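Trainee: Quick one: the structure is below, and I'll ask about it shortly.
What follows draws every value from the coordinates through simple rules; no lab data is involved. What you are looking at is a predicted structure, and each value in this text was computed from that prediction instead of being measured. Virtual Cβ from ideal backbone geometry, glycine too; neighbours counted across all protein chains shown.
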Amino acid sequence: MPNAHDVLFRTLADPTRRALFERLCREGEKTVAALTARAGISQPAVSKHLAVLKQARLVRDRHEGRQTHYRAQLRALAPLIDWTSQMAGFWQSRFDHLEDLLKRMDQ
Amino acid sequence: MNETSTETLSVVVERELPHPPEKIWRALTQPHLIEEWLMKNDFKPVVDQRFNLHADWGTVDCQVLAVEPNKTLSYTWAAYGLESVVTWTLTPTSTGTNLRMEQSGFRPDQQQAYQGAKGGWPRLFAALEQVLARTD
């Protein structure tokens, strides 16, 4: 299981951060001010969360005049989509080990 | 859309095994046997009991949800900040046992079973599905 999952899951585990990300997914590009208006936390706190999201490549920023616009980067979510296929592979190999063990065990 | 997301976020592996359920149950519930096919552990087949699975890539935090000897075993499976539930079902057949493992996460209807999960994942995945449908 690669480290990319770790970063992604940790980043999105925070409910406030996840809410910001969801809003960007649903509503498209937004400025920090627009995000703050409905986030229920201060602008510095919003900026801090956005910085963490940016580090995880979940958002991209764009400067325009004195405003910074943020946009969700959906490609970053690919590892989440792969979760089921990775887990399926994991369990298939565990089942193989289990079958080997059962052959060795007494009734 | 909801049905699709439910399906894709659950993993099912199922096999016919030429062994009786009682024997498979031992392999699923005795720590020294679990270690041989899954991971090092301090498992106890007691509801609410917390245990860990250890591998070289990390630790999985678990808690037993249901134990019905020789029939079903279910526990939470938290790794990488993501919670899911693993459920084993043993069904006797004429030649042995049908063993079914289902790992499901993030399903709103199972949210109650997750300790510590705050209901955010289903919403996130719902949002994600919408967005992915749009970008395709």
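Trainee: Which whole-number percent gives the relative contact order of chain A, counting Cα pairs below 8 Å spaced six or more residues apart?
Mentor: Once normalised by length, the contact order is 26 percent.
Trainee: Hey, another quick one. Identify all lysines with a Cα-Cα distance to A:Lys48 below 26 Å; exclude those on the same chain that are fewer than 8 residues away in sequence.
Mentor: A:Lys30, B:Lys118
Trainee: Now, a different point. For chain A, what does -39500 (n - 2.57) per DSSP helix run (n ≥ 4), summed and divided by total residues, give at 222 nm, in deg cm²/dmol to the nearest 500?
Mentor: My calculation for chain A gives -20500 deg cm²/dmol from helical runs alone.
Trainee: Compute the FRET efficiency between A:Ser93 and A:His69 as 1/(1 + (r/R0)^6), taking r as their Cβ-Cβ distance and R0 = 41 Å, and round to the nearest 0.05.
Mentor: Efficiency computed from Cβ-Cβ geometry: 0.35.
Trainee: Taking 0.36 nm per residue of separation and subtracting the Cα-Cα distance, what length does fully extending A:Thr16 through A:Asp100 add?
Mentor: 25.6 nm
Trainee: Here is a further query. Run the simple label-point estimate for B:Ser94 and B:Asp42 please: 7 Å along Cα→C-beta, distance reported in nm.
Mentor: For the pair B:Ser94/B:Asp42, the computed spacing is 4.7 nm.
Trainee: If you count, for every residue in A:94-100, the Cβ atoms of partner chains within 10 Å of its Cβ, what is the mean? Show your work: numbers first, answer last.
Mentor: Working: counts 5, 7, 2, 4, 13, 7, 2.
Across A:94-100, the average partner-chain Cβ count within 10 Å equals 6.
Trainee: Evaluate peptide B:20-30: per residue, the Cβ atoms of other protein chains within 10 Å of its Cβ; return the mean as an integer.
Mentor: 2
Trainee: Would you work out which of A:Gln92, A:Tyr70, A:Phe9 lies farthest towards the positive end of the dipole of chain A, given +1 charges on the beta-carbon of Lys and Arg and -1 on that of Asp and Glu, about the Cα centre?
Mentor: A:Tyr70
Trainee: Looking only at other chains, what is the average number of their beta-carbon atoms within 10 angstrom of each beta-carbon in A:87-93?
Mentor: Rounded to a whole number, the mean comes out at 5.
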